[in-house]
Each structure stands twice: as C-alpha cells, then as structure tokens.
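Below: the structure, in structure tokens.
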Amino acid sequence: MKKRNKGIYYVLPVLIVSGLLILFPLAYNVYISFTSSNIYSLEYTFVGLQNYKRLLGDERFINALKNTIVWSFSSVLFQVVLGLIAAIVINSVTKGQRIIQALIMVPWIIPGIAAASSWRWLYHPDFGFINYFIRSFGGKPVLWLGNPNLALPSVILVNIWKMYPFAALMLTAGLQSIPISIYEAAKIDGAGRASAFFRITLPMMRPILSVLSLLLTIWAFNAFDFIYTMTEGGPARSSEILGVRIYKDAMKSQMFGRAAAQAMTLFVLMLIFSIFYLKLTYKRSDE
Amino acid sequence: MRKHFATISTYLVALLLIGFSIFPVIWMFTSSFLPASDIYSVTPKFSLRNGTFENYRYVLGETHTLKYFWNSIIIALCTTLISIILAILAGYGFARFRFSGKNILSIFVLLSQMLPLVVVLVPLYLVLSKFGLLDTKTGLVLAYLIFTIPLSTWFLRGFFETIPSELEEAALVDGCTRFGALIRVIIPVSTPGIFATATYAFIVAWQEFLFSLSFTLSHDSRTLPVGISSFIGQYNINWGAVMASSTLVSIPVMVLFLAFYDQFVQSFTEGIIK
C-alpha cells in the first residue's frame, strides 16, 4: 500500500518552500550576525565574534534578557495555574459547559492588537476603568504603564489574560483523558477529593503540563506584539523584552549585525532551555 | 448539602473567570460606540443612551482603515489558500507514503513554532528589499507562509491518517489515479479538518504584527493591526477610533471562531492527545 516513489512529489512543494523560507533566512541570519553593517546597504564587513562579545557588556541587552526571563516565567506560571483552575471548572460543570468554555476562550481568540489596545485603555491613568474602580473605593489612581516598576507586571497580567484559555483548553483535554475508573478505585480505597487530586490527577497530567509549559514559555520568549503596543518597552526600558530590543536595533537603528547576533542568542538560549527541560521531564517519567 | 455547595462554588468560579475573560472585550466593544464626551469622562459611562456611530464613521471614512482591512483580508486569504493547497498535498504524502526522512515534517513544524520571528526578521527584510518586495502584499504573504505551512501540514497529516485507506483503494480499483482519488474522495471527506486548519491559518495571518510592522511602509500593503497601532502611536490618541478599529479587526476572527467552534475544539483536543 505504501509506495516509495510517488509520495515525494506530494511532499516536495512544502519541503522546498519551507526550506527556502525557514532554513535559508536562518542561515543568512547567522551570517549577518558575524558582520557589521550600520546602514541599510548590502556592504558587510566581516567582524567575527565581535557582535557577540559586545553583548556581554551591553547593558541594554542584559536588561532585555532579564526582563524576558521575568516576563516569561511569571506569565507561564499564572497561565498554567489559572488555566488549570478553569479546566477543572469546565470539566466539573454539567450544564452549560460549552458556553462557559467558549466565553472563557474569548481572550485567546481576540487579535493581539485589539487585546493590547483594550488593556491599554483600561490602564489609562485618567479615563481607564481600572483607576475608576480604585478611585471609587477611595484609592489613588495608579500609573500602570507609566511607572517603571509597574509596567512589566501590568503587561504580564495582559499576557496571562490572553493565554490562560489556551492552557485551559489543553488541560481540559488532559483531564478528560483520565479514565474515571481510576477515581472510582481511589474512592473505594477511601481517598478524599483533595487527596485524589494531588495523588492521581496531577501526576497523570504531568506529560501534558510539561508540554504546555514548554510551549507557553517558548511563545513568551518570542513575544513582541503586546509589549510593543502597550509600552514600546518603556518607560525607561523597564518592560523591554528581547523581541522589542531586537526590533528596535534592527528597524529603528538599522544595526543589522548587532540585531542578528542578539536574535541568534535568543534562539540558542531557547533551544538550550527546551532541551534541558525535555530531558528533565523525560527523566522523571522513567522513574 | 455538601454537593450543593461544591456545585455553587464551581459555578461561581466559572462566573468570575468568564467575567475576567470577557470584560475587556465588552469594554472595547461598548467604548467604540460612545461619543468623545462619554469616553473622555472620568466616570465611565455604561449606558449606550448616547450611543453613536461617530467613531466608526471617522475610522472608515477619514482614515485608511478600510484599505488596511482590505489588505489584511487579501493577505490572510492568499496565505491561507497557498498554505492549504500545499498542506493538503504534503499532508497526504506524509500520511500515506513511506519515507526515509519521515521525521522531517516534525522537525520543520517544531522549528517553525519555536523560531522567534525576530531571528528571521533581518534576513527577510534584506531579501525582500533586494527583490523589491518590501511594502507589497506578496512579500508579506511569503513571510507568513513561514509559520502557516508547517503547522497546516502537520494538522492535515494527522487528519488524513484517521481516514481509512480503504476509501482510496475503492477509488483506485475503479480506475482512478491516486491524485484523482485524493481530489474526488479524500478531500470531500476531509472538509471539516480542512476548514479547521484553514481557519487557524487565517486567524494567525490576520493578526500578525511584527512582519507587517517591519515590511510595510505605506498604505499599499499595511495591514489592519499595524494601522491600529499607528493610531495609538500618535500624541493625542483618539481612543474612540482605537476602540472602533479594534472591534473591526476582531469581527472576522470572532465570526470564524463561532462558526467553526465545535470542529475547532474537537480537532484541537484530538491533536493534543497525540
């Protein structure tokens, strides 16, 4: 049934296109990262590892890296926790499950730009709803996106809001795949609900939890849209993550070599993280 | 009694989550219909008694929003069309034929999903400009294919694998070519999966931001998301206009989502299990 030769024709277009569009730019980016080009021209001077060495002392790069790590891990932590709560709720309700799930999923469906602008409006110091809420309880209005200490947490909240439904979707599927017979056996053995949750549900969800966390972390690492629209990385680069930093170096300052080097660093860091993470989770599941 | 408490608290949490999820969206929607006097008031107005289409009239009549909307539609449709056609072919090939490098697809998909877009930003920018494709819809479509093709192929391969090969066998016995079997038998049967995949590709292309921001320079090819962000970038932000255009950009996606909700969730959960 499975022939050897004909199949290649079906697959070739995708392989060619993907190869051209993914591998070639990737390789080209590696090349660019070894050059220095300050203006938009195709004149490159090969400078070797200079761009990379510069990064170690580049205060803006270090700042962006730090922000990226804080942004990613905080976002993912709460996306998963909130998603888990939502998944449990969705899985437990008998009536209206479909509509509850659909409504919970709205943040994920809304285009990123609409989400970012809506939240920026909510965060508005004078006319935004959040400060109105605070004022009506007698509090003082807060400068959410304008305060260097609050900017990053404020955008992290938006990231949590946007992606927790995705986590909920995946985790609902995971919860539904656990056979009820296991719970019944546990009940016979006298296990309470909390105990059943921690001893049965969570361990059985470990594979899907780890895949989900990895996916969310990767997406957070690569993020750009939200932060650019809400703060452009400000104020004073307090919310600037690597994606925004690289965009600015590439498109605003036209420093292609430096931007390429930062991008490669981001990519490699992410790969290393992913490999370590997968190794860690595979080791555990062998025990 | 205990069971009642558990049920009530579950629905309460559900209500909180729903409120959390939809409040910003509802706020965006209602704000878009408020006149400037109500928007720029220190106490938010909830009633739509003063509701007006003023923002929409401004956004659609006096800005380039309509052109951006149109650009977005064309670009997203082209991207989806090309992705689906190639993905149907390749997904079928991967599903039915044996290859030595069968894992190539998985590697490509993984790579395309893990790749930070900024990594290909600079090379794409330089290449597109060399070919005169900056500020064109074509250039943007090519850029979008980077992330829509691999995932679409992956989805469709998974889908085709669930279709028993007896179906094509019967067609082949009747004298069909394999390609003919694909067109006449497999595709009609796979429409739900194809639609779900196309919907996902469309949604992803529709809201793409970074490439559009970097590769477009004028109204010729600018997409709606970038158009909206340029509203925000001004010194005196017209928030009514921002809310109106944000609502506009959300409409196609919401419509698609509602139309294909069941299939979407179903294919998603099935795909995850694998």
Inset, instruction - Would you please list the contacts, defined by Cβ atoms under 7 Å and residues six or more apart or on different chains, that run from a residue in region B:114-125 that is farther than 12 Å from B:Phe211 by Cβ to a residue that is open to solvent by 10 Å² or more (accessible area, probe 1.4 Å) and part of a loop (DSSP other than H, G, I, E, B)? - result: B:Pro116/A:Asn222
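Out of curiosity, is A:Asn51 more than 21 Å from A:Leu212 (Cα to Cα), touching a Ser or Thr at 6+ places or on another chain (Cβ under 7 Å) and within 14 Å of chain B (Cβ to nearest Cβ)?
Values: more than 21 Å from A:Leu212 (Cα to Cα): yes; touching a Ser or Thr at 6+ places or on another chain (Cβ under 7 Å): yes; within 14 Å of chain B (Cβ to nearest Cβ): yes.
Answer is yes for this residue.
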Legend entry - Selected residue [among the β-branched types (Val, Ile, Thr) and surrounded by 19 or more Cβ atoms within 10 Å (Cβ to Cβ)] from B:Ile251, B:Ile186: B:Ile186
Inset, instruction - Return the total of residues in region A:170-191 being open to solvent by 20 Å² or more (accessible area, probe 1.4 Å) and more than 27 Å from the chain's Cα centre (by Cα). - result: 12
Inset, instruction - Take region A:215-240 and flag every residue that is surrounded by 21 or more Cβ atoms within 10 Å (Cβ to Cβ), charged (D, E, K, R) and facing chain B (nearest Cβ under 9 Å). - result: A:Asp225
Inset, instruction - Six or more apart or on different chains, Cβ under 7 Å: which pairs go from a residue in region B:13-40 that's within 8 Å of chain A (Cβ to nearest Cβ) to one that's open to solvent by 20 Å² or more (accessible area, probe 1.4 Å)? Could you list them? - result: B:Val13/A:Ile85; B:Ile18/A:Leu103; B:Ser21/A:Leu103; B:Ile22/A:Leu103; B:Trp27/A:Phe129; B:Ile39/A:Phe127; B:Tyr40/A:Phe127
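Mind listing just one residue for me: the one in region A:137-169 that is of a type outside the set (A, V, I, L, M, F, W, C) and within 12 Å of chain B (Cβ to nearest Cβ) and, of those, surrounded by the most Cβ atoms within 10 Å (Cβ to Cβ)? Outline the logic, then answer.
To start, the set of residues in region A:137-169 that are of a type outside the set (A, V, I, L, M, F, W, C) comprises A:138-141, A:146-149, A:153-154, A:159, A:162, A:164-165.
Narrowing the set further to residues that are within 12 Å of chain B (Cβ to nearest Cβ) leaves A:141, A:162, A:164-165.
Details: A:Pro141: 15, A:Lys162: 24, A:Tyr164: 30, A:Pro165: 24.
So the residue we want is A:Tyr164.
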Legend entry - Residues located in region A:81-105, provided they are surrounded by fewer than 22 Cβ atoms within 10 Å (Cβ to Cβ) and either more than 27 Å from B:Ile251 (Cα to Cα) or of a type in the set (Val, Ile, Thr) (or both): A:Val81, A:Ile85, A:Ile88, A:Asn91, A:Ser92, A:Val93, A:Thr94, A:Lys95, A:Ile99, A:Ile100
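Yes/no per residue for (1) open to solvent by 10 Å² or more (accessible area, probe 1.4 Å); (2) out of contact with any helix residue (DSSP H, G or I) (no Cβ under 9 Å at 6 or more places or on another chain); (3) away from chain B (no Cβ under 12 Å):
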site: A:Arg193; (1), (2), (3): yes, no, no
site: A:Leu202; (1), (2), (3): yes, no, yes
site: A:Ser210; (1), (2), (3): yes, no, yes
site: A:Ser213; (1), (2), (3): yes, no, yes
site: A:Lys252; (1), (2), (3): yes, yes, no
site: A:Met255; (1), (2), (3): yes, no, no
site: A:Thr265; (1), (2), (3): yes, no, no
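The values are calculated or read from the model by the stated rules, or taken from the named source; none is laboratory data. Quick caveat: nothing in here was measured; it's all calculated off a predicted structure. Neighbour counts run over all protein chains shown; Cβ positions are idealised from the backbone, glycine included. Accessible surface areas use protein heavy atoms only, side chains included; no ligands, DNA or RNA. Shrake-Rupley method; radii C 1.70, N 1.55, O 1.52, S 1.80 Å.
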